[in-house]
1. Rounded to the nearest 10 Å², what accessible area does Leu290 have for a 1.4 Å probe in the complete protein model?
2. Going by a ≥ b ≥ c, the root eigenvalues of the Cα gyration tensor, does the stretch 252-291 fall in the rounded group (a/c under 1.5), the prolate group (a/b larger than b/c) or the oblate group?
3. Are there any chymotrypsin sites (Phe, Trp or Tyr not before Pro) in the stretch 102-206 that are in a DSSP loop and have at most 16 other Cβ atoms within 10 Å? List them by number.
4. Work from the charge dipole of the stretch 50-200 (Cβ charges, +1 for Lys and Arg, -1 for Asp and Glu, about the Cα centre) and give the residue of Val64, Ala163, Ala173 farthest towards its positive end.
5. Between Arg19 and Arg40, what is the spin-label point distance in nm, taking each point 7 Å from the Cα along the Cα→C-beta axis?
6. Above 28 angstrom, tally the Cα pairs of the stretch 151-295 and express them as a % of all pairs, no decimals.
7. Please compute the modelled spin-label separation between Leu247 and Gln29, points set 7 Å along Cα→Cβ, answer in nm with one decimal.
8. In deg cm²/dmol and to the nearest 500, what is the mean residue ellipticity at 222 nm of the chain if only DSSP H runs of at least 4 residues count, each as -39500 (n - 2.57), divided by the residue total?
Amino acid sequence: MTDLRVVGGDLLPPAHDRRNLLSISDLSQADVERLLATARSFARSQERDNKKLPTLRGRLVLNVFYESSTRTSSSFELAAKRLSADTMTLKSTGSSVDKGESLKDTALTLAAYDPDVIVLRHPEVGAAEYVARLTEARVVNAGDGKHQHPTQALLDLYTIREAFGRLDGLQVAIVGDVAHSRVARSLVQALGLVGADAILVGPPTLVPQGLAPTSHDIAAIADADVVYVLRMQRERMLEGANFVPSLREYTARWGITPERIRDGQRVMHPGPMNRGVEIDARVADSDAALIVDQVRSGLIVRMAVLYDLLTTGPVSVEMTVEVA
Ligand code: NCD
């Protein structure tokens, strides 16, 4: 990752100086508020028969996924289409190639099409920042290893605000495999930006210190407004390492069952869920669950992110929706 002198013979400036979305730390509280407000305006446009807005007509959004994805890749693709951008989704298993080389070649090849936005998911930490420095496209990090997944955190904030009418002062208990979770890292930062608190709950092997307050007692979820459940991310665990004695034991101690949820609490999960492991099917299918709402929020929040990156704000979203 050292030879970055490929664009016009010059290094591009550090990626964080440009308009990319690589990490929640790229955003201020005002940025988050603007993105959530934009998403809300787009939600109204999605209630019409004609759901397409002309806003990004003629723009090119490339979705490049080196890891499997259902929700993130489909929602970015649909978000680009709903804004009338051209879009292409490229998937790669990325398993047997030298990832550094392959990523560079792929990025340079795709850059030849002059994309406006590259949405990238890659198993290596820093991959999105690397591509941001290789190309002149705006880059959105759709997950880099266990590092960051900023649009997931934004859609989670949107979902929580819709459910509770506010974010400030709420407490979110993030339960499970925090150690391997980019979702948890982004969400903890995002909650901090909007005045909400996080507590990380799970076995000591899966809950790192230093991100947020922690507890190794499942009873600690009782005070939370939101119970945010994570799956065991086996593909990111070191081979041979045993983080839990068995899945059965994990489920018995940490699984989110109806008995462990109190009235008024809401339950979230970024997907994919392993029903019967980290979350009981009765909880996943209950009225307490916001899991389908999260998917719906994913579309409009990703529309807002694409729109925001390709306009030089501040912008009137109301006007944009009117024009449509
Ligand atoms: C998450 C991811 O890929 O980081 N999924 C998602 O984007 N909805 C969480 C996971 O893989 O467990």
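1. Its accessible surface works out to 10 Å², give or take rounding.
2. Working: a/c = 1.84, a/b = 1.11, b/c = 1.65.
Oblate, because a/c is 1.5 or more while a/b does not exceed b/c.
3. Details: sites: Tyr113, Tyr130, Tyr158, Phe164; in loops: Tyr113.
Passing both the DSSP loop test and the Cβ count: Tyr113.
4. Highest projection toward the positive end goes to Ala163.
5. With each label point 7 Å from Cα toward Cβ, the separation is 2.2 nm.
6. Values: 1007 of 10440 pairs.
In whole percent, the long-distance tail amounts to 10.
7. In this crude label model, Gln29 to Leu247 measures out at 4.2 nm.
8. Values: 10 runs with 115 residues, N = 324.
The helix contribution divided over the chain gives -11000 deg cm²/dmol.
The values are calculated or read from the model by the stated rules, or taken from the named source; none is laboratory data. Just so it is clear, the model here is predicted, and its values are computed rather than measured. When we count neighbours, we look across all protein chains shown, and the Cβ atoms used for this are built from the backbone with ideal geometry, even at glycine. Please note that ligands, DNA and RNA were not included when accessible areas were found on the heavy atoms of the full protein model with its side chains. Shrake-Rupley method; radii C 1.70, N 1.55, O 1.52, S 1.80 Å.
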